[in-house]
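K.L.:
What follows is a single structure, and I will ask about it in a moment.
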Amino acid sequence: MKAVQFSEYGGPEVLRLVETPEPHPAAGQVRIAVRAAGVNPIDWKLRAGYFREQMPLTFPSGIGFDASGVVDEVGEGVTGVSVGDAVFGQGINTVAQHAILTNWAHKPDSLSFDEAAGYPTAVETATRALGLLNLKSGETILVHGAAGGVGTATLQFAHQRGIAVIATGREAKHQHLRSFGARPTTYGPGLVERVKLLAPNGLSAALDFAGSDVPDLIELIGDPSRVVTIADFHAPQKYGVQGSFTEFQKNPELIFAEAALLHSKGVFRMPVEETFPIEKASAAQKRSEAGRVTGKLIIKVT
Ligand SMILES: NC(=O)c1ccc[n+]([C@@H]2O[C@H](COP(=O)([O-])OP(=O)(O)OC[C@H]3O[C@@H](n4cnc5c(N)ncnc54)[C@H](OP(=O)(O)O)[C@@H]3O)[C@@H](O)[C@H]2O)c1
């Protein structure tokens, strides 16, 4: 089968579309014929070698953790899914013609394969981050760096839970943020003053998805333990905020299924900003690395 791999750490140019043996599912896994794969910042961070100490790769390495497709092999002990079912979920080396999924949910007909491929990491991370704050309906939070995949999912789960959101993004992103019920403002100098004007009664918590400005978020909230970052590895030790980096949810398929249900009800969507053919996986990662994504970038496989 064709798959995107790389054999050394480096820039997007190290990615190659190669012929490689097909994978087969172990117990508890399924294999899909991949229709689309979601692009996440972790993909290019791993490729660039940012985590070579903590998570050294074995080369050649594949890319991608999110995908949608049609089940074509079912591992031992798997129930509730059959060959031919349309699913989306998380696995490994998903930018390939066939990929193994470890966690998945059925894809409703109303949800496209492209859009579904953008759900898994975004919805797992969004609900994990919100879950750390024990928020109640009626509270107001700040979501910093809100226009990307995780941010866009977070705005919608917050809205579902009756939580009001002030969201940061560049001016060009404000319509996107508003369309998900958030009140937008720009980041950069003056952030604290602008947010205070929007939330004169204060905020209960802040989520940092940008990996920057954590001291500003603490100043706004007044209590570092009510600030969660998923993007600044040093902030928990440096400032006493909560970090969530590798403590993934135990049953992410439940949240994938919830997102699919919400989509069917017309109250959850993930705009796909751009799709790339598998031959252009390096261009997709380059675009993600530029850091200006709205919603999701998707690699179309078939
Ligand atoms: N810890 C975890 O488990 C986990 C899981 C998933 C993702 N992450 C990390 O979380 C971050 C967000 O992930 P993602 O998938 O949402 O990324 P993404 O889709 O690439 O979106 C990134 C967003 O950040 C905004 N942004 C960039 N610089 C900013 C700044 N200085 N201040 C505010 N916003 C800024 C960009 O919008 P503008 O155009 O408005 O700048 C863009 O919409 C990444 O660093 C990713 O690696 C961590």
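No lab work stands behind these numbers, since they all come straight from the coordinates. Fair warning: this is a prediction, and the values are worked out from it, not measured in the lab. For neighbour counting, all protein chains shown are included, and Cβ atoms are generated from backbone atoms with ideal geometry for every residue, glycine included.
K.L.:
How big is the chain in terms of Cα radius of gyration and Dmax, in angstroms?
P.N.:
In order Rg, Dmax, the Cα atoms of the chain give 19.1, 59 Å.
K.L.:
Which three extents, in angstrom, do the Cα atoms of the stretch 123-243 have along their principal axes, listed largest first?
P.N.:
35, 31, 26
K.L.:
Where Lys and Arg each count +1 and Asp and Glu each count -1, what net charge lies around A27 among other residues with Cβ under 14 Å from its Cβ? Before the final figure, lay out each step's value.
P.N.:
Numbers: positive: R31; negative: E73, E76.
With Lys, Arg at +1 and Asp, Glu at -1, the net is -1.
K.L.:
While we're here: Hey, fewest Cβ within 10 Å first, where do E124, E273 land in order? Write out the running numbers ahead of the final one.
P.N.:
Numbers: E124 24, E273 19.
Neighbour counts put them in this order, fewest first: E273, E124.
K.L.:
Mind checking which of V81, V39, V228 has the largest fluctuation in a GNM of the chain, springs on alpha carbons under 10 Å?
P.N.:
The residue that fluctuates most here is V81.
K.L.:
Another question, then. Residue separation times 0.36 nm, minus the C-alpha to C-alpha distance between F233 and S110: what's the value?
P.N.:
40.5 nm
K.L.:
Here's another thing I want to ask about it. Only sites in a loop by DSSP and with at most 15 other Cβ atoms within 10 Å count here; which trypsin sites (Lys or Arg not before Pro) in the stretch 104-201 make the cut?
P.N.:
Working: sites: R128, K136, R161, R170, K173, R178, R194, K196; in loops: K136, R161, R170.
Here the sparse-neighbourhood loop sites are K136, R161, R170.
K.L.:
Can you give me the long-range amide H partners of H98? Hydrogens built in the peptide plane at 1.01 Å from N, cutoff under 5 Å, separation of 5 or more residues or another chain.
P.N.:
Here the answer is V34, since their amide H atoms fall under 5 Å of that of H98.
K.L.:
If R0 is 41 Å, what FRET efficiency do you get for N134 and A26 from their C-beta distance, rounded to 0.05?
P.N.:
0.70
K.L.:
Once you list every other residue whose beta carbon is under 10 Å from the beta carbon of I278, what net charge do they have if Lys and Arg are +1 and Asp and Glu are -1?
P.N.:
In short, +2.
K.L.:
Could you run the Karplus curve 6.51 cos²θ - 1.76 cosθ + 1.60 with θ = phi - 60° over the stretch 197-211 and give me ³J(HN,Hα) per residue in whole Hz, x for Gly and Pro?
P.N.:
So the Karplus estimates, Gly and Pro as x, are 5, 6, 10, x, 8, x, 10, 8, 6, 9, 10, 9, 10, 9, x Hz.
K.L.:
On to the next question. What does the charge count around V228 come to, taking other residues whose C-beta lies under 10 Å from its C-beta (Lys +1, Arg +1, Asp -1, Glu -1)?
P.N.:
+1
K.L.:
What are the chymotrypsin sites (Phe, Trp or Tyr not before Pro) within the stretch 33-73 that DSSP puts in a loop, where the Cβ has at most 16 other Cβ atoms within 10 Å?
P.N.:
Taking the stretch 33-73 and a limit of 16 other Cβ atoms within 10 Å, the loop chymotrypsin sites (Phe, Trp or Tyr not before Pro) found are Y50, F51.
K.L.:
Another question, then. Residues with amide H under 5 Å of N103's amide H, sequence separation 5 or more or different chain, H placed in the peptide plane at 1.01 Å from N; which?
P.N.:
Placed amide hydrogens put Q90 under 5 Å from N103.
K.L.:
Short version: ³J(HN,Hα) in whole Hz for each residue of the stretch 258-265, in order, from phi by Karplus 6.51 cos²θ - 1.76 cosθ + 1.60 (θ = phi - 60°), x for Gly and Pro, what are they?
P.N.:
Per residue, the Karplus-derived 3J(HN,Hα) values read 5, 4, 5, 5, 4, 4, 4, 7 Hz.
K.L.:
Measure nothing fancy, just the Cα-based angle from helix 149-160's long axis to the longest principal axis of the chain, in degrees from 0 to 90, nearest 10.
P.N.:
Compared with the principal axis, the helix lies near 60 degrees.
K.L.:
Rounded to whole Hz and in sequence order, give me ³J(HN,Hα) for the stretch 49-63 from the Karplus expression 6.51 cos²θ - 1.76 cosθ + 1.60, θ = phi - 60°, writing x for Gly and Pro.
P.N.:
Per-residue couplings from phi come out as x, 4, 10, 5, 6, 6, 9, x, 8, 9, 9, x, 10, x, 10 Hz.
K.L.:
Under a point spin-label approximation (7 Å from Cα along Cα-to-Cβ), what is the V267-E53 distance to one decimal in nm?
P.N.:
According to this spin-label approximation, the distance is 4.5 nm.
K.L.:
Moving to a separate point now. Which order do S68, S212, S282 fall in if you start with the one that has the fewest other Cβ atoms within 10 Å?
P.N.:
On the way: S68 30, S212 18, S282 21.
Least crowded to most crowded, the residues run S212, S282, S68.
K.L.:
Find, among the trypsin sites (Lys or Arg not before Pro) in the stretch 218-262, those assigned to loop by DSSP (not H, G, I, E, B) with at most 12 other beta-carbon atoms within 10 angstrom. Please report the intermediate quantities before stating the final value.
P.N.:
Details: sites: R226, K238, K250; in loops: K250.
Passing sites in the stretch 218-262 are K250.
K.L.:
To continue, here is another question. Could you pull out every residue, at least 5 positions away or on a different chain, whose amide H is within less than 5 Å of the one on R183? Hs are placed 1.01 Å off N in the peptide plane, and Pro or chain starts have none.
P.N.:
Hits under the 5 Å cutoff: V165, I166, A167.
K.L.:
Which whole-number percent of Cα pairs in the stretch 69-137 have a distance greater than 19 Å?
P.N.:
41
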